[in-house]
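Each remark here refers to the structure printed beneath this line.
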Amino acid sequence: MINAVLVFNNHGKPRLVRFYQHLAEEVQQQLIRETFHLVLKRDEHICNFLECGSLFGGADYKLIYRHYATLYFVFCVDSSESELGILDLIQVFVETLDKCFENVCELDLIFHMDKVHYILQEVVMGGMVLETNMNEIVAQAEAQNKLEKAEGGLSAAPSRAVSAVKNINLPEIPRNINIGDINIKVPSLSQFM
């Protein structure tokens, strides 16, 4: 199971943090700091697997990471996950980000955090791998973008409706409406404008 996905820059600033188990905020911050220091002090010629049992409280946890340009992508997993499989998953995640953002950089992760989280949720949810087909993930992300753009037009609908009501040119607005036994008093529209 994947317990955490961490992305931070060369200076240790977290750019994406996702924990799949409940931890207190202080513990999360401590884990991020310690993870960064463990990964940073490793030589580039050493393998990308690192035992981190004491860090997460169990003996069977590993950090699996990749360093791309200015970003470290770190997955904390338990012993049930394949190290090479997670390295491949990191590669799929980064390539998907690269396709969605057209040459992804650190600023894309900062300014488009919602889209990055959506892509991560397409790959991993609840600590379990959902999808590894990059084309499928990109297609889902594009569908989500289209949906958000369509809803953007709907978000302006209330203001257009108020504007339309203000522009109604009725000769006389009814003040009382009688429907059978029901009598409704209509308030003046001027108090709402």
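The values are calculated or read from the model by the stated rules, or taken from the named source; none is laboratory data. All figures in this text were calculated on a predicted structure; none of them were measured in a lab. Note that we place each Cβ from the backbone using ideal geometry, even for glycine, and neighbour counts take in every protein chain shown. Side chains are part of the model used for accessible areas, which takes the heavy atoms of the whole protein and leaves out ligands, DNA and RNA. Shrake-Rupley method; radii C 1.70, N 1.55, O 1.52, S 1.80 Å.
Of the GluC sites (Glu not before Pro) in the range 2-55, the ones in a loop by DSSP (not H, G, I, E or B) with at most 14 other beta carbons within 10 Å are Glu44. Put simply, the amide H of Cys52, placed in the peptide plane, has neighbours under 5 Å in Tyr61, Lys62, Leu63, leaving out anything fewer than 5 places away on its chain. A cut-off under 12 angstrom between Cβ atoms defines the neighbours of Tyr65, and their net charge, with Lys, Arg +1 and Asp, Glu -1, is +1.
Whole-Hz Karplus values for the range 27-43 come out as 5, 4, 4, 5, 5, 4, 4, 5, 4, 4, 5, 5, 6, 5, 7, 7, 6 Hz, taken residue by residue from phi with 6.51 cos²θ - 1.76 cosθ + 1.60 and θ = phi - 60°; glycine and proline positions read x.
Among the trypsin sites (Lys or Arg not before Pro) within the range 1-90, those in coil by DSSP and having at most 16 neighbouring Cβ atoms inside 10 Å are Lys41, Arg42. Phi angles of the range 115-126 translate, via the Karplus equation with coefficients 6.51, -1.76, 1.60 and θ = phi - 60°, into HN-Hα couplings of 5, 5, 5, 4, 5, 4, 5, 6, 8, 10, 9, x Hz per residue; Gly and Pro are given as x.
Close amide H pairs (under 5 Å, H built 1.01 Å from N) link Asn3 with Cys76, Val77, Asp78, residues at least 5 positions away or on another chain. Label positions at Asp78 and Glu151, each projected 7 Å from the Cα along the C-beta direction, are separated by 3.3 nm.
Solvent exposure of the range 22-148 amounts to 55 Å² per residue of accessible area, where only protein heavy atoms count and the probe is 1.4 Å. Once you reduce the range 120-141 and the range 56-101 to the center of their Cα atoms, the two points are 14 Å from each other. Counting only protein heavy atoms and a probe of 1.4 Å, the accessible surface of the range 2-149 is 51% carbon and sulfur.
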